Amino acid sequence: MLTERQELILKTIITDFTQTREPVGSKTVMKQLPIKVSSATIRNEMAVLEDQGLIEKTHSSSGRIPSSEGYRYYLDNLVEPLQLPESVYNTIGSQLDRPFHQVNEIVQEAARILSDLTDYTAFAEGPESADVKITGFRIVPLSARQVMAILVTSDGNVQNQVYALPHNIHGEEIEKAVRMINDQLVGKSLGEVNISFLSELAKSELGSDHVTELLDLVEDVLKDAASEQMYVDGQINLLNNTSEHNVKDIRSLYELIDHDNLFSNLLDGKADPKTEKYPVKVKLGSEMPNDLLKNYSLLTAEYSVGTHGKGTIALLGPTNMPYSQMIGLLEYFRNELAKKLLDYYGKFQ
C-alpha cells in the first residue's frame, strides 16, 4: 500500500492526465495537491511511484503518465463515483420515460442513451428470459415454400423467423404441428422447452419424420427467444480515441464487436462485494484477452429486475477515461433501467 501522500500524488496525476492527455510534471502536481508539499518532495515521491510501476515516463516529456498498474491501484483503492449534473439525470429520465412495446426496445434504447451521453461504445444485455412463458405460436405462409414462425411470450416480446420449407413437408402437416405446439407448449416457460423436450413431443404426438424436420426449424425461433439479446451502440465513437496509424486496428475492433462472442463473455457484470467497492466492474485493456483492446477499458454493471432476472450494461472507452464520472453514471443508470423494466413487466401481471 502507498502512503497517503503518494496516493494523493497518484490520484492527481491520473486526474490531470484524464483531462489533458499530456504527461504530468511535479510542478503541475504541486499546484493541484490539497496539501502543501515542495516540488523536490513531489519528485522524490514520483520516483517511488515509478519504481513501483504505477507511473511511467514518456520519451517526449519529463512528465509522467499512469501505467496499467497505476490505474488498477487507483480503481481498487482511490476512485469515488461522482454525482452527475442534474441535466444528465433529466436526460436519462426523459428518454426512458416513453412508451415501449417490447423489453428489447427498452434494452436497445439503453445502449443508445449511454453511448450518446458518453461518446463511448455502449453495450446492453436484457434480463434472462428462461422463466418467461410462451403465450402463443403461429406459422404464417408467405409463399408456396416459405413460412414465418411467430412466437409470443408473456413479457410482450414477439419473436419471428422466416423459413424455407423442405419439399417433403405439406400444408396439413404444418397445421398439425402448429396445433400440437399450441396445445403442448403454450403456458410453459422458455427454460422448460429444449431439444429433448421437442424430440419427445414429436415422437409421442406426431410420429412423423417430416414434422420432426419442421420442429427443427421451430427450435430456432425458441432458441432466439430464450437467448439474451446484446445491443451495441456508438461503434463510431471508437474513432474518437484513435490516430491514423492504427485505423486497421479499429476496423478489426469493429469486427470483433459485431461478430465475436468475446464481449458477451466479458459482460459478466457481477461485482464481488468482498473485493470491489462499487457495483461497477472495470477491466483494463491489459486484463482483457484480445490485444486490440490494450488501449481501452470496459466498465460493466449488472442490474436486477427482481424475479424477471438480471441484465448487464457496459461502456468501452479509452484507458484514460474519467472513471469517477463513468462509474457514477453506470451506477445511476442501472437503477433507472431496472425501474423502467419493472414498470414494463408490471403491465403483464
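Taking the range 293-349 as the search range and keeping residues that are farther than 26 Å from Ser87 by Cβ and assigned to a helix (DSSP H, G or I), which one is most open to solvent (accessible area, probe 1.4 Å)?
Thr307
For Glu287, work out the one condition from (1) modelled with pLDDT of 75 or more; (2) of a type in the set (Asp, Glu); (3) surrounded by 16 or more Cβ atoms within 10 Å (Cβ to Cβ) it doesn't fulfil.
(3)
On the basis of being out of contact with any Lys or Arg (no Cβ under 8 Å at 6 or more places or on another chain), among the hydrophobic types (A, V, I, L, M, F, W, C), open to solvent by 70 Å² or more (accessible area, probe 1.4 Å) and under 19 Å from Gly328 (Cα atoms), does Leu75 make the cut?
When the stated conditions are applied, Leu75 does not pass them.
Among the residues of the range 178-217 satisfying the criterion of being at pLDDT below 70, under 21 Å from Ala144 (Cα atoms) and aliphatic (A, V, I, L, M), which is most open to solvent (accessible area, probe 1.4 Å)?
Applying the filter and picking the extreme gives Leu217.
Could you tell me which numbered condition Thr58 fails, if it satisfies all but one of (1) among the hydroxyl-bearing types (Ser, Thr, Tyr); (2) under 18 Å from Leu330 (Cβ atoms); (3) open to solvent by less than 40 Å² (accessible area, probe 1.4 Å)?
(2)
So in the range 17-44, with the set limited to residues that are within 15 Å of Ser62 (Cα to Cα) and of a type in the set (D, E, K, R), which one is least open to solvent (accessible area, probe 1.4 Å)?
Looking at residues that are within 15 Å of Ser62 (Cα to Cα) and of a type in the set (D, E, K, R), I get Glu22.
Residues checked against (1) at pLDDT below 95; (2) within 24 Å of the chain's Cα centre (by Cα); (3) within 30 Å of Lys339 (Cα to Cα); (4) assigned to a loop (DSSP other than H, G, I, E, B):
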position	(1), (2), (3), (4)
Leu10	no, no, no, no
Thr18	yes, yes, no, no
Lys31	yes, no, no, no
Ile35	yes, no, no, yes
Glu69	no, no, no, no
Glu105	yes, yes, yes, no
Ala111	no, yes, yes, no
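For the range 78-128: of the residues being of a type in the set (Phe, Trp, Tyr) and farther than 30 Å from Lys294 by Cβ, which is most open to solvent (accessible area, probe 1.4 Å)?
So, considering only residues that are of a type in the set (Phe, Trp, Tyr) and farther than 30 Å from Lys294 by Cβ, the one most open to solvent (accessible area, probe 1.4 Å) is Tyr89.
The values are calculated or read from the model by the stated rules, or taken from the named source; none is laboratory data. It should be emphasised that the depicted structure is a prediction, and the values quoted were computed from it without experimental measurement. Virtual Cβ from ideal backbone geometry, glycine too; neighbours counted across all protein chains shown. For the accessible areas, the whole protein counts, side chains as well, though only heavy atoms, and no ligand, DNA or RNA atoms are used. Shrake-Rupley method; radii C 1.70, N 1.55, O 1.52, S 1.80 Å.
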